[in-house]
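Structure first, then comments.
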Amino acid sequence: MSVSQAAAAALPPHDIEDHPLAANANDMQADRLSGTERFCRRIADLTGAPAALMLAIVVQIVWLAVGTITHWDPFPFVFLLTCSNVIQLILIFVIAVAQRQQTEHDELRAEADHATISRLLYHQELQEQILLRLAQRAGVDLADLRPALDSIAAS
């Protein structure tokens with residue numbers, strides 16, 4: 001049995017002209033998200049932006065200055081701390097939901113990448129078979145490539 005025949009026997013039968021497109025993991029993930037999950041993802045994206053950090057710093061500095069001058073919320077700024085703690089508690093859960101979605105997206109992307117790479121490797125093996133058959137029909141001497149071909153077929 002030649003190397004090309006051994007390689008052909010190792011592969012399952014497949015239509016050589018069938019080339020499915022790679023799955024888009026982003027579209028697949030977007031289709032799976034519920035409205036609440038999309039909302040949490042947007043909030044997590046917005047709160048993770050540098051502009052959100054700057055806004056939080058500016059609001060707290062202004063609050064401290066106004067609270068100190070007007071004695072509306074004097075030191076130790078209990079109302080500011082209460083509001084800040086409530087916002088933080090809410091954001092903990094929002095960020096947890098967004099992180100879970102990101103993990104699911106990463107897993108989906110890994111599965112899509114694996115499927116795409118598997119198709120590419122299968123396609124490459126088919127191309128190698130075609131090239132070997134063409135070389136045999138053309139009478140090309142493959143003796144110098146025989147050890148490499150045998151090691152590829154064995155693995």
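Quick one: grab the alpha carbon gyration tensor of the stretch 101-155, order the square roots of its eigenvalues as a ≥ b ≥ c, and give me rounded if a/c is under 1.5, else prolate or oblate depending on whether a/b is larger than b/c.
Cα axes put the stretch 101-155 in the prolate bin.
Working only with C-alpha atoms, what are the Rg and Dmax values of the chain, expressed in angstrom?
For the chain, the Cα radius of gyration and maximum Cα-Cα distance read 30.2, 96 Å.
In Å, what Rg and Dmax follow from the Cα atoms of the stretch 25-112?
Over the stretch 25-112's Cα set, Rg and Dmax evaluate to 18.0, 59 Å.
Calculate the length of the line joining the C-alpha centroid of the stretch 137-155 to that of the stretch 26-90, in whole Å.
Each part's Cα centre sits 65 Å from the other's.
Using the Kyte-Doolittle scale, find the helices of the chain whose mean hydropathy is at least 0.5 and whose Cα atoms extend 15 Å or more along the helix's long axis, counting only whole DSSP H runs.
Membrane-span-like by this rule: 50-70.
Throughout, read-outs are computed from the coordinates displayed, never taken from laboratory work. The shown structure was predicted, so the numbers you read here are calculated from the model rather than taken from an experiment.
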